[in-house]
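The values are calculated or read from the model by the stated rules, or taken from the named source; none is laboratory data. Not measured: the values here are computed from a predicted model. Here the Cβ is made from the backbone with ideal geometry for all residues, glycine too, and neighbour counts use every protein chain on show. Protein only, heavy atoms only, side chains kept; ligands, DNA and RNA dropped before computing areas. Shrake-Rupley method; radii C 1.70, N 1.55, O 1.52, S 1.80 Å.
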Amino acid sequence: MKDATLISVVTPIYNGAQFLKSAYDCLCRQTYRHWQWVVVDDGSTDDTHRLMRALSDSDRRVRYTWQQNSGSAKQPRDRAVFQSNGDLILPFDIDDRLADDYLQKMLERLNETDADIVYPQMLFTDLVTGEVTETLPVADFDTSRIYKGSDLVKETMPEWRIGCNGGLYRREMWVNMSWLEEHEPIWTYSDEVDERYYLMKASRVAFSEAQYFYLIHQDSITNKISAKLFHLLKNNTQLANLMKQKFGRDSEEYRLANQKVLNGWRSMMAYYLQHYEELFDADGQIQTDLSEAYAQIEPSLLPMKDRIHFLFFCNEHLLQALIALKYSPKWLKEKIIQRFSNEKYRFNVIRERTEQLTRQQISKSYTEAGAKSHVEPYAVSMFCGNTASGGLVDRLRGAVSLYAACKEANRPFRLFFTHPFPLTDYLQPNTYDWRINADEVSFAPSQVQTVVLDTQTDAEWEREWQRQQFAKALCKEPRLQLHFYSNAMFSYDDDFSALFHELFKPSDRLQESIDNILRETGGRYLTVSARFCNLLNDFNEETFSEPLSTSERKQLIAACMAQVERIHQQNSQLPIIVCSDSTTFANEAKTLSYVSVIPGNVSHIGNDTVRYYQYYEKTFLDFYIISQAQRVFLLRAKGMHNSGFPYAAARVGKRPYKLVDF
């Protein structure tokens with residue numbers, strides 16, 4: 001192979017703006033210069049898009065593509081491979097680094113051995129201290145040999161003895177052998193399965209002394225407390241099934257994979273119990289994942305020590321309880337409460353836990369603030385980015401609820417909505433001026449009282465309880481500024497429409513867009529909403545749900561389309577506007593002659609940080625268009641989210657609303 005061989009370095013990226021310059025500089029320092037960098041942006045919401053556009057415009061070796069968020073690194077990485085031109089592929093994560101002679105050494109080793117894959121020396125390195133905590137391949141592994149790929153599979157189980165990050169692959173290895181989405185959903189750790197596929201198909205695998213620095217930092221996926229970490233259980237199960245299929249049930253490969261399933265279950269169970277308070281929103285799915293992995297374990301194939309341990313505690317619930325007693329007796333107590341009263345569990349356990357987390361998140365804003373010379377004793381609905389605050393409707397209903405309580409208590413109300421955008425970009429005061437400047441807001445503990453109140457249900461008794469808590473808080477501390485962190489919904493019991501319109505009217509720019517849509521539709525239409533969250537794997541947000549398999553996605557879309565057609569048959573004289581967080585479903589719906597979709601970017605302010613006007617305009621347009629529809633429908637099948645967005649919009653416009661369960 002000649003020196004002119006093009007190496008395509010492929011990188012998936014999501015909110016990696018802080019690492020872009022150092023990653024690019026790392027490539028520019030390479031002693032081998034015939035490379036291209038193909039970057040696929042998985043829907044970043046930071047400054048990645050602007051920086052990568054500038055970089056690709058200034059350097060012809062850089063190719064950049066943006067796509068809607070898929071929720072995993074695999075899909076954008078595979079897309080980058082298919083967009084590349086090189087005969088050789090080298091995956092490179094944005095937050096890792098390469099030695100300056102990395103490409104040269106990797107290519108030299110591939111030429112020398114005629115290998116299908118060359119793996120580097122992988123060094124796990126602390127980004128702050130520079131300390132190397134682990135090196136792969138392990139010290140006793142012979143890196144001078146050329147291996148048949150399938151013989152190396154055992155070296156990856158139950159723990160990795162070789163490193164696969166930054167390997168150099170012949171293009172046909174990747175294109176022909178990558179794990180296909182049609183088989184299974186793409187999990188966060190799908191490369192755990194992919195890499196074994198590559199190895200089983202590789203005739204020759206070699207190792208190089210080239211150094212790949214896997215950087216460990218606070219933003220690493222392995223350091224983030226996330227429900228997606230439990231995808232490791234699914235990949236371990238996939239891997240075990242693959243080993244049984246390819247090598248047989250009696251093989252060493254399957255025995256090791258079976259042990260990996262047990263190790264994964266044990267470590268994820270401990271992780272869950274240690275961090276369950278931060279994972280409670282995905283509690284049901286996590287326990288399902290744990291149970292499915294546990295059911296896959298074949299104790300007869302385990303090492304004797306593990307087999308005895310497993311068989312002695314073969315009841316999963318007993319084993320959970322015993323592990324809980326070691327890691328978190330509090331979790332066990334809460335599960336007992338949940339067992340006997342789910343309502344009490346949600347109200348007393350989940351609500352209090354959520355409120356405590358909010359207090360922790362906002363505490364820094366108040367402990368580091370100095371006092372102002374004067375503050376007005378406003379009651380302020382706070383959405384300034386110092387804690388998670390939910391979506392648009394969550395925030396608006398919380399603000400309207402506080403406004404309703406302030407009217408009763410005769411206390412001046414203000415709304416401090418500055419994150420991820422100033423609300424005044426889209427909504428202006430109508431008959432009541434709720435605006436407050438940043439210099440009017442004090443965070444000094446001597447001048448402020450915070451009120452944190454979480455919503456767990458839409459039960460009438462809970463809304464009345466919220467109203468009472470607001471009333472009590474507003475009657476206290478008349479000289480202090482009150483900061484309310486709440487998405488309370490008791491305003492729904494009042495005239496929500498009247499209260500909303502006292503507070504808000506569209507900005508001139510937003511109103512112009514609304515008027516244009518109304519003119520195009522003739523002003524008479526139905527709206528059909530559908531919120532899939534992550535089910536269709538095309539919109540990743542903080543509300544946790546696992547993506548469906550490709551066949552299940554097609555079935556769900558077909559079922560939703562059937563409901564749209566049924567609604568049209570019952571209201572054939574009116575066109576339909578579809579409002580959804582899934583571009584896949586929206587595009588499918590648009591194929592019907594009577595359906596239209598409001599153009600623009602699909603966003604959710606609960607997990608986005610972008611700050612330009614057009615990015616969020618569609619969210620407000622959808623809301624106001626729904627509020628003026630003849631009838632409002634929400635589709636909900638199993639797993640779909642019961643969105644409050646169309647319900648609140650219907651309440652604002654006093655429009656008929658129907659939840660369509662199917």
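Does the stretch 481-500 hold any residues that are more than 19 Å from V441 (Cβ to Cβ), open to solvent by less than 60 Å² (accessible area, probe 1.4 Å) and out of contact with any helix residue (DSSP H, G or I) (no Cβ under 7 Å at 6 or more places or on another chain), and which are they?
Step one: filter the stretch 481-500 for residues more than 19 Å from V441 (Cβ to Cβ), giving 487-500.
If we keep only those that are open to solvent by less than 60 Å² (accessible area, probe 1.4 Å) as well, we get 487-492, 494, 496-500.
Hit for the stretch 481-500 is A498, nothing else.
Please indicate, with yes or no, whether at least one residue in the stretch 349-368 is out of contact with any Leu (no Cβ under 6 Å at 6 or more places or on another chain), more than 30 Å from A438 (Cα to Cα) and in contact (Cβ under 8 Å) with a residue 24 or more places away in the chain.
From the stretch 349-368, those out of contact with any Leu (no Cβ under 6 Å at 6 or more places or on another chain) are 349-368; that's our starting set.
Now restrict to residues that are more than 30 Å from A438 (Cα to Cα): 349-350.
Still in the list and also in contact (Cβ under 8 Å) with a residue 24 or more places away in the chain: 350.
Among the residues of the stretch 349-368, at least one is out of contact with any Leu (no Cβ under 6 Å at 6 or more places or on another chain), more than 30 Å from A438 (Cα to Cα) and in contact (Cβ under 8 Å) with a residue 24 or more places away in the chain, which makes the answer yes.
Condition check for C533 on (1) open to solvent by 20 Å² or more (accessible area, probe 1.4 Å); (2) in contact with a Gly (Cβ under 9 Å, 6 or more places away or on another chain); (3) within 14 Å of M640 (Cβ to Cβ): one failure, at (1). So in the stretch 1-19, with the set limited to residues that are surrounded by fewer than 20 Cβ atoms within 10 Å (Cβ to Cβ) and not small (G, A, S), which one is nearest to K74 (Cα to Cα)? Only one residue fits best here, namely N15.
Here is a check on your reading of the model: is V528 farther than 23 Å from T387 by Cβ, aliphatic (A, V, I, L, M), modelled with pLDDT of 95 or more and part of a strand (DSSP E or B)?
It is true that V528 is farther than 23 Å from T387 by Cβ, aliphatic (A, V, I, L, M), modelled with pLDDT of 95 or more and part of a strand (DSSP E or B).
When S545, S513 are checked against the criterion of being in contact with a Cys (Cβ under 6 Å, 6 or more places away or on another chain) and surrounded by 14 or more Cβ atoms within 10 Å (Cβ to Cβ), S545 stands alone in meeting it.
So that you can scan it fast, the table gives a plain yes or no per residue for (1) modelled with pLDDT of 95 or more; (2) surrounded by fewer than 21 Cβ atoms within 10 Å (Cβ to Cβ):
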residue: S208; (1), (2): yes, no
residue: Q211; (1), (2): yes, yes
residue: L215; (1), (2): no, yes
residue: T222; (1), (2): no, yes
residue: F230; (1), (2): no, no
residue: N236; (1), (2): no, no
residue: N241; (1), (2): no, yes
residue: Q245; (1), (2): no, yes
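Quick check on my filter: what residues within the stretch 112-125 are open to solvent by 50 Å² or more (accessible area, probe 1.4 Å) and under 32 Å from the mean Cα position of the chain (by Cα)?
Taking the stretch 112-125 as the starting set, the residues that turn out to be open to solvent by 50 Å² or more (accessible area, probe 1.4 Å) are 112, 114, 121.
Within the stretch 112-125, Q121 is the sole residue that qualifies.
One residue alone among T367, T431, T418, T358 is touching a Phe, Trp or Tyr at 6+ places or on another chain (Cβ under 8 Å) and more than 24 Å from Q614 (Cβ to Cβ), and that residue is T358. Scanning the stretch 279-312 for residues that are modelled with pLDDT under 85, under 28 Å from R249 (Cβ atoms) and open to solvent by less than 50 Å² (accessible area, probe 1.4 Å) yields one hit, F310.
The condition of being assigned to a helix (DSSP H, G or I), under 21 Å from G644 (Cα atoms) and either in contact with a Leu (Cβ under 7 Å, 6 or more places away or on another chain) or free of Cβ contacts under 8 Å to residues at least 40 places away in the same chain (or both) holds for only one of S491, S513, that being S491.
What are the residues in the stretch 29-40 that are open to solvent by 40 Å² or more (accessible area, probe 1.4 Å) and free of Cβ contacts under 8 Å to residues at least 60 places away in the same chain, if any? Outline the logic, then answer.
In the first step, residues of the stretch 29-40 are kept if they are open to solvent by 40 Å² or more (accessible area, probe 1.4 Å); the result is 29, 31, 33-34.
Selection gives R33, H34.
Checked against (1) over 13 Å from F383 (Cα atoms); (2) open to solvent by less than 50 Å² (accessible area, probe 1.4 Å); (3) not in a strand (DSSP E or B), F421 passes all but condition (1). Scanning the stretch 81-97 for residues being open to solvent by less than 10 Å² (accessible area, probe 1.4 Å), over 22 Å from L215 (Cα atoms) and of a type in the set (A, V, I, L, M, F, W, C) gives a total of 2. Entry remark, the stretch 16-38: residues being within 24 Å of the chain's Cα centre (by Cα) and more than 18 Å from R60 (Cβ to Cβ) number 4 in total.
Residue count for the stretch 160-172, restricted to those that are touching a residue at least 40 places away in the same chain (Cβ under 8 Å) and open to solvent by 20 Å² or more (accessible area, probe 1.4 Å): 4. For first residues located in the stretch 144-155 and polar (S, T, N, Q), partners that are surrounded by fewer than 13 Cβ atoms within 10 Å (Cβ to Cβ) and in a helix (DSSP H, G or I) and lie 6+ apart or on another chain with Cβ distances below 9 Å do not occur. Residues in the stretch 132-156 that are touching a Ser or Thr at 6+ places or on another chain (Cβ under 8 Å) and either of a type in the set (A, V, I, L, M) or buried (at least 17 other Cβ atoms within 10 Å of the Cβ) (or both): 4 in all. Filtered by the rule that a residue be at pLDDT 95 or above and open to solvent by 60 Å² or more (accessible area, probe 1.4 Å), the stretch 360-382 gives a lone residue, E376. Sub-7 Å Cβ pairs linking a first residue in the stretch 297-317 that is within 23 Å of L239 (Cα to Cα) to a second residue that is part of a loop (DSSP other than H, G, I, E, B), at least 6 apart or interchain, are F310/I297; F310/L302, ordered by first then second residue. Among the residues of the stretch 433-480, those that are out of contact with any Asp or Glu (no Cβ under 9 Å at 6 or more places or on another chain), assigned to a helix (DSSP H, G or I) and either more than 23 Å from F417 (Cα to Cα) or open to solvent by 40 Å² or more (accessible area, probe 1.4 Å) (or both) comprise A438, D439, W461, E462, W465, Q468, Q469, K472, C475. So in the stretch 166-185, with the set limited to residues that are assigned to a loop (DSSP other than H, G, I, E, B) and modelled with pLDDT under 65, which one is nearest to V81 (Cα to Cα)? Filtering first and then ranking leaves S178.
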